[in-house]
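Asks: Please read through the structure below; I'll follow up with questions.
The values are calculated or read from the model by the stated rules, or taken from the named source; none is laboratory data. Everything quoted here is computed from the prediction, not taken from an experiment. For neighbour counting, all protein chains shown are included, and Cβ atoms are generated from backbone atoms with ideal geometry for every residue, glycine included. To get the accessible areas, we keep the full protein, side chains included, count just its heavy atoms, and leave off ligands, DNA and RNA. Shrake-Rupley method; radii C 1.70, N 1.55, O 1.52, S 1.80 Å.
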Amino acid sequence: MTWPATVITLYPEMFPGPLGLSLAGRAMGEGVWSLEAVQLRDFATDKHRSVDDTPAGGGPGMVLRADVLAAAIDAVRATRPDAPVLAMTPRGRPLTQARVRELAAGAGVTLLCGRFEGFDERIFAARDVEEVSIGDYVLSGGETAALVLLDACVRLLPGVMGAPSSGEQESHEAGLLEHPHYTRPAVWDGRAIPEVLRSGDHAKIAAWRTAEAEADTRLRRPDLWERYVSARVKSPSGARRENKDEEA
Ligand code: ADE
């Protein structure tokens, strides 16, 4: 079954962009997922086809009109009633691997891309729309954020990633950063690959990787480490499984 993505945007020519290449592009060619870019301006009703207006109360920039956004959302919902609608905005809830996993397992997504100062807030009261941020920085529009979200989802769709197991061990899947990797040559620039990785002892290698993942997470991402540890304390047995569930 095809996982359908619809993007509502003022710049449909930005899509599929990089997602037309490599793994995602191949998967699209095979019908694993589809992408439709819908022009928001097509839902404007005045003769100037305007989609935005000045902010109430004054201030710089322009705000996307709720009536135009609602018309676009309603039109897409009529054809994709089961796909959740997500608005890309730095005011949204930070995107996590757990949410990405849920979206990839669902009925597709409809993404609303903001421009200018953002959306008229009334759209979020009037329609079921989830506000999503891809990080604490401001992009010039939601389109690049939509590409990021789609990339993260599409690579999890069945048959897209070459080696299925590589997805399960990577960063964030267990609530930890992934362990570091090495490859040949065994010595480069006077630096040797850690001895344990050349031992052939799979149990020892697995233990080393877990220890490295934990140490790196603790140092680099105290926020993730805190969550990982508290999930482990709650459930001393099967801590890794619990972590996966808690995150979702
Ligand atoms: N639009 C502008 N900045 C954004 C961000 N950080 N995340 C999602 N959408 C955005």
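Asks: Could you go through the stretch 218-235 and let me know if any residue there is at pLDDT below 95 and among the aliphatic types (A, V, I, L, M).
Replies: Yes - at least one qualifying residue is present in the stretch 218-235.
Asks: Name the pairs whose Cβ atoms lie under 7 Å apart, with the first residue in the stretch 57-76 and free of Cβ contacts under 8 Å to residues at least 60 places away in the same chain, the second of a type in the set (S, T, N, Q) and not in a helix (DSSP H, G or I), and 6 or more positions between them or separate chains?
Replies: Sorted first by the residue in the stretch 57-76, then by its partner, the pairs are MET62/THR54.
Asks: Can you tell me how many residues in the stretch 48-76 are of a type in the set (Lys, Arg) and touching a strand residue (DSSP E or B) at 6+ places or on another chain (Cβ under 7 Å)?
Replies: Adding up the residues that qualify gives 1.
Every residue, every condition in (1) more than 20 Å from LEU21 (Cβ to Cβ); (2) more than 13 Å from the ligand (Cβ to nearest atom), yes or no:
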{"residue": "ARG101", "(1), (2)": "yes, yes"}
{"residue": "GLY118", "(1), (2)": "yes, no"}
{"residue": "GLY135", "(1), (2)": "yes, no"}
{"residue": "THR144", "(1), (2)": "no, no"}
{"residue": "LEU147", "(1), (2)": "no, no"}
{"residue": "ASP151", "(1), (2)": "no, yes"}
{"residue": "ALA174", "(1), (2)": "yes, yes"}
{"residue": "GLU178", "(1), (2)": "yes, yes"}
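Asks: Being within 18 Å of LEU10 (Cβ to Cβ) and over 12 Å from the mean Cα position of the chain (by Cα) is the filter here, so list the residues in the stretch 131-145 that pass it.
Replies: Selection gives VAL138, LEU139, SER140, GLY141, GLY142, GLU143.
Asks: For the stretch 216-234, how many residues are more than 8 Å from LEU176 (Cβ to Cβ) and touching a Phe, Trp or Tyr at 6+ places or on another chain (Cβ under 6 Å)?
Replies: Number satisfying all stated conditions: 1.
Asks: When you go through GLY57, GLY31, GLY92, GLY61 one by one, which is the residue that is within 16 Å of the ligand (Cβ to nearest atom) and assigned to a loop (DSSP other than H, G, I, E, B)?
Replies: GLY61
Asks: In the list ALA107, ALA126, which residue meets the criterion of being open to solvent by 30 Å² or more (accessible area, probe 1.4 Å), under 17 Å from CYS153 (Cα atoms) and not charged (D, E, K, R)?
Replies: ALA107
Asks: What single numbered condition from (1) at negative phi; (2) open to solvent by less than 40 Å² (accessible area, probe 1.4 Å) fails to hold for GLU30?
Replies: Going through the list (1) at negative phi; (2) open to solvent by less than 40 Å² (accessible area, probe 1.4 Å), GLU30 breaks only (2).
Asks: Looking at this structure, is CYS113 open to solvent by less than 60 Å² (accessible area, probe 1.4 Å), in contact with a Phe, Trp or Tyr (Cβ under 9 Å, 6 or more places away or on another chain) and away from the ligand (no atom under 13 Å from the Cβ)?
Replies: no
Asks: How about the stretch 72-97: which of its residues are buried (at least 16 other Cβ atoms within 10 Å of the Cβ) and aliphatic (A, V, I, L, M)?
Replies: Passing the criteria: ALA72, ILE73, VAL76, ALA83, VAL85, LEU86, ALA87, MET88, LEU95.
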